[in-house]
Every structure is written in C-alpha cells, then in structure tokens.
Amino acid sequence: MNGTLHSILIGTGGLSFALLLAVFFAIGRRPLTGDLVARRRTLRLFLIGLAAYSLHFMEEYLTGFQERFPAILGLAPWPDRFFVAFNLSWLSVWILSAAGLQKGLRLALFPVWFFAIAAIGNGVAHPALMFAVQGYFPGLFTSPVVGLSGVLLFLSLQKMTRESSFS
C-alpha cells in the first residue's frame with residue numbers, strides 16, 4: 001500500500017469510529033412522529049454547526065492541518081486535493097441531509113448523527129493536540145465552537161428521537 005493511502009486510512013480512523021457510532025444511533029433511534037418543533041430546532045442547530053464547520057475547515061486548511069496531523073502520527077502528509085475534496089464531499093452530504101431532515105426523511109438522520117459525533121470529537125481532539133505539541137495546532141480556534149455545536153445537536157437529536165424496539 002502506498003504511503004499516502006496508508007496515511008489517509010490510518011489518519012481518518014477516528015472518523016471511521018464516529019461513523020460506526022452514527023450507524024448505531026441512526027438504526028437504534030427512531031424519530032418521534034409529528035414533532036415538527038423538535039425537527040426544526042435540530043435543523044437550525046445542524047445548519048449553525050455546518051457554518052461553524054465550514055470556518056473550521058478553512059482554518060485547518062490555511063494553517064496546514066493536512067500536513068501537521070499526519071506527521072504527529074508518523075504518517076505521510078495528505079495531499080491538499082484530497083483534504084479539500086474529503087471535506088467538501090462531507091459538507092455536500094451534510095447539506096443534502098439538512099434538506100432531508102427538513103422533509104422528515106429518516107435516512108437523513110444518519111449523516112446528522114455522524115456530524116454531531118464528529119463535531120464533538122473535533123472539539124476534544126484539537127485542544128488535546130494543542131497540549132501534545134505545546135502550542136497552536138491547526139483548527140484550534142474554531143474547534144470549541146464546532147464541538148459545542150456537536151453537543152447541542154446531539155442532545156437535540158436525542159430529544160427528537162426515541163429508542164427503537166427490535167422485538
């Protein structure tokens with residue numbers, strides 16, 4: 001396996017874990033039918049989170065996250081094109097899921113759960129990376145806003161869903 005692909009697969013492992021958690025929540029919780037207020041609140045929080053994440057992605061890119069994060073793990077830097085395409089692809093999925101959430105589509109909840117979990121992870125990881133390098137780490141300034149938006153979104157998702165019964 002070439003060094004760049006290895007770096008990408010290992011370096012995005014945390015997001016893979018967040019994706020698995022999102023599958024668990026998307027399958028294990030059903031939306032409450034008819035709770036339009038909760039759905040609108042969740043959509044609003046999601047859109048605010050997406051705006052914060054867009055700024056976060058810009059901060060990461062401009063300050064070299066795609067080089068510095070893999071280096072901490074002893075991995076090859078990620079190509080700029082990959083980093084931009086990866087982030088823009090997820091932003092596109094999330095924007096589409098916002099439209100689905102607005103229409104009440106259950107399938108749209110999976111990417112929203114993923115965003116909430118990944119945002120919380122961002123809010124924790126960037127300050128931890130700052131301590132690891134004993135200084136600024138790319139994405140640090142916007143990560144608390146992204147993390148807080150993830151927590152609020154996660155709580156809102158819990159309020160607008162209930163556990164599924166599989167019996």
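Considering the stretch 119-136, the residues that are touching a residue at least 40 places away in the same chain (Cβ under 8 Å) and buried (at least 23 other Cβ atoms within 10 Å of the Cβ) include one that is nearest to Y53 (Cα to Cα), namely A119. From the list A119, A128, A108, the lone residue that is out of contact with any Pro (no Cβ under 9 Å at 6 or more places or on another chain) and over 30 Å from R41 (Cα atoms) is A128.
Okay, residues lined up against (1) buried (at least 20 other Cβ atoms within 10 Å of the Cβ); (2) touching a residue at least 60 places away in the same chain (Cβ under 8 Å); (3) in contact with a helix residue (DSSP H, G or I) (Cβ under 6 Å, 6 or more places away or on another chain); (4) within 26 Å of E163 (Cβ to Cβ):
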residue: G28; (1), (2), (3), (4): no, yes, no, yes
residue: A38; (1), (2), (3), (4): no, yes, yes, yes
residue: L55; (1), (2), (3), (4): no, yes, no, no
residue: V84; (1), (2), (3), (4): no, no, no, no
residue: I95; (1), (2), (3), (4): no, no, no, no
residue: F110; (1), (2), (3), (4): no, yes, yes, yes
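When you look at G100, is it part of a helix (DSSP H, G or I), buried (at least 16 other Cβ atoms within 10 Å of the Cβ) and under 14 Å from the mean Cα position of the chain (by Cα), yes or no? No; evaluated as a whole, the condition is false for this residue. How many of the residues in the stretch 57-82 are assigned to a helix (DSSP H, G or I), aromatic (F, W, Y) and surrounded by 17 or more Cβ atoms within 10 Å (Cβ to Cβ)? Number satisfying all stated conditions: 3. Would you confirm whether any residue within the stretch 119-130 is more than 25 Å from L73 (Cβ to Cβ), among the aliphatic types (A, V, I, L, M) and part of a helix (DSSP H, G or I)? Looking through the stretch 119-130, none of the residues is more than 25 Å from L73 (Cβ to Cβ), among the aliphatic types (A, V, I, L, M) and part of a helix (DSSP H, G or I). Of F131, F141, F110, F137, which residue is under 15 Å from A22 (Cβ atoms) and modelled with pLDDT of 95 or more? Only one candidate qualifies: F110.
The residues of the stretch 36-71 that are modelled with pLDDT of 95 or more and among the aliphatic types (A, V, I, L, M), listed by number, are L43, L45, L47, I48, L50, A51, A52, L55, M58, L62, A71.
The values are calculated or read from the model by the stated rules, or taken from the named source; none is laboratory data. Bear in mind the structure is a predicted one, so any value in this text is a computation, not a measurement. As a convention, Cβ positions derive from the backbone with ideal geometry for all residues, glycine included, and neighbour counts pool all protein chains shown.
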